Structures are given as structure tokens and as C-alpha cells.
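Visitor: Starting off with a structure, shown below.
Quick note: the coordinates plus some simple rules give every number you see, no bench work behind them. Computed from a predicted model, the values in this text were never measured in an experiment. Here the Cβ positions follow ideal geometry from the backbone for every residue, glycine too, while neighbour counts run over all protein chains shown.
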Amino acid sequence: MYPKQEERETNENNNNNYPLNPPWDWPDLQDIEVDRAIKSTNSKKAPGNDRVGNTILKKAYTINPSLFNSLYKACFQLGYHPKH
């Protein structure tokens, strides 16, 4: 069931060439994914540091979804993911 000691040591030694931060080829973010993410947020949750509540976010999205789609896609492409 478990590899023998010699096999484990050999496998462990072969991992030295594995890149620590391999590049990821992520597919492009789809508009439907942005739509689902925004619509699934809890409207009753308190606003964060930006003081923009989810209700405002949802209403703004319904007015101009293409703006939000572009913004979210740009954040993903640039790797910008704010913590707060």
C-alpha cells in the first residue's frame, strides 16, 4: 500500500527541479462569472473599508454591467486582488 523507503527517498529527491511558483494559464474571466459573483453577494453584509455596500454595488452593476465586467477582467489580468 505504501511505497518502500527507497522509493520514497528517490521520489523526494526528484522534486528538487519542480518550480516553486509555476506559471498558471488561467482562462479569461467571463461576463457570466462577474454577474454571478456580484448577484450572489449578501446585501445585508456591512460595507468594508471602501464604505460601499453590496446593495449599492448590485444597483450600480445593473446600470452599467459592461463597466464592471471590464474592471473585474482588468483586475484579474493584472493580478490585482485587494485584501480589504
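Visitor: For the range 27-84, what is the convex hull volume of the alpha-carbon atoms per residue, in Å³?
Guide: Working: hull volume 4.9 nm³, N = 58.
Convex hull of Cα atoms, per residue: 85 Å³.
Visitor: Under a cut-off of 26 Å between alpha-carbon atoms, report the lysines in cross-link reach of Lys59, not counting same-chain residues fewer than 8 places apart.
Guide: The reachable lysines, counting only those whose Cα sits under 26 Å from Lys59, are Lys39, Lys44, Lys45, Lys73, Lys83.
Visitor: Would you please give the FRET efficiency between Ser40 and Lys73, computed as 1/(1 + (r/R0)^6) with r the Cβ-Cβ distance and R0 = 25 Å, to the nearest 0.05?
Guide: Numbers: r = 18 Å, r/R0 = 0.72.
Result of the calculation: an efficiency of 0.90.
Visitor: What are the chymotrypsin sites (Phe, Trp or Tyr not before Pro) within the range 18-84 that DSSP puts in a loop, where the Cβ has at most 16 other Cβ atoms within 10 Å? Please report the intermediate quantities before stating the final value.
Guide: Details: sites: Trp24, Tyr61, Phe68, Tyr72, Phe76, Tyr80; in loops: Trp24, Tyr80.
Passing both the DSSP loop test and the Cβ count: Trp24, Tyr80.
Visitor: Oh, and also: Are there trypsin sites (Lys or Arg not before Pro) in the range 28-84 that DSSP puts in a loop and that have at most 13 other Cβ atoms within 10 Å, and which ones? Show your work: numbers first, answer last.
Guide: Values: sites: Arg36, Lys39, Lys44, Lys45, Arg51, Lys58, Lys59, Lys73, Lys83; in loops: Lys44, Lys45, Arg51, Lys83.
For trypsin sites (Lys or Arg not before Pro) across the range 28-84 that sit outside H, G, I, E and B with at most 13 neighbouring Cβ atoms in 10 Å, the list reads Lys44, Lys45, Arg51, Lys83.
Visitor: Add +1 for every Lys or Arg and -1 for every Asp or Glu among the other residues with Cβ under 12 Å from the Cβ of Pro27, and state the total.
Guide: Values: positive: Lys73; negative: Asp25, Asp28, Glu33.
Counting the neighbours of Pro27, the net charge comes to -2.
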